[in-house]
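Working notes, structure below.
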């Protein structure tokens, strides 16, 4: 496993202003979202908006440095505009070149970041260069799905076949991890509207943590870490989360879900009475 590693996830809302501009709508704010949903259903048969209309309200990440030290972080609309969130996230790549890990990042998170960065007039060559600036990135960059600099676990675990894509929640549960714990992205608008920032960041960080745990299992499968290395990484993750109060629920649920598979029962060794 090549360190440092950055596992990340984003949360979004519909950009009503851009949607109104795109479709030429002149409606009160409270009617815009319903109108955009109706138009999207007519276009595609689904509610999920096209990527450029996703406004980022949170980016969370787990940074694992060369020494294995972990840092869980979030940039959200509680303290930052969308442009500031993007600037903070993109600046990471100006200083370091981590292995980027995501779930569906190549089809959603990275394209959304690309569109929104362009919308705000930002520059991010370290993330989007494909060899035009650094010739080495022709052979290993963050965009090419067959390169190793960005590991989209949903994609690689499906063997790059869309028919085999799985939901993060399902994959996590099957492997003995907490998953989304009964919460989904449908709650994001409510969290933002009610300024429930801790719920927003905890949810996004939970997706990051599930992705990290699945990445460890993927690395074990690929032979990039040994079984003992995997055990040590799991214990290091548990130890780190014990010092993160906002992830107490994640840790408690993990303790329960770990009992669902024989392999993960060892994650939380039982103590004698």
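Quick note: the coordinates plus some simple rules give every number you see, no bench work behind them. Note that the structure is a prediction, hence the values are computed from the model and not measured. With ideal geometry, Cβ positions are generated from the backbone for all residues, glycine too; neighbour counts draw on all protein chains shown.
Some points to look at:
- Degrees separating the helix 29-44 axis from the principal Cα axis of the chain, which is the longest one: 80 degrees
- The protection proxy used here, the mean number of other Cβ atoms lying within 10 Å of each residue, ranks peptides 164-175, 57-68, 188-199, 37-48 as follows, highest first: 57-68, 164-175, 188-199, 37-48.
- Using C-alpha pairs under 8 Å with a sequence gap of at least 6, the mean separation divided by the residue count of the chain gives a relative contact order of 19 percent.
- Angle in degrees between helix 110-119 and the longest Cα principal axis of the chain, rounded to the nearest 10: 40 degrees
- With Cα atoms, 0 to 90° folded angle of helix 197-222 axis to the chain main axis: 50 degrees
- Cα pair count fraction exceeding 19 Å, expressed as % - the range 179-254: 43 percent
- Burial order of peptide ranges 21-27, 114-120, 141-147 (average beta-carbon count within 10 Å, highest first): 114-120, 141-147, 21-27
- Helical contribution to [θ] at 222 nm, DSSP H n ≥ 4, -39,500 (n - 2.57), averaged over the chain, rounded to 500: -13500 deg cm²/dmol
- Mean projection area, nm², convex hull over Cα of the chain: 16.4 nm²
- Along its three principal directions, the equivalent ellipsoid of the range 38-126 from the Cα gyration tensor extends over semi-axes of 27, 15, 13 Å, largest first.
- The rule of thumb for compact globular proteins, 2.2 N^0.38 Å, goes into the C-alpha radius of gyration of the range 130-263 1.20 times.
- Prolate/oblate/rounded call for the range 70-200, Cα gyration tensor, a/c under 1.5 rounded: oblate
- Added length on full extension, which subtracts the Cα-Cα distance from 0.36 nm per residue, residue 29 to residue 193: 57.7 nm
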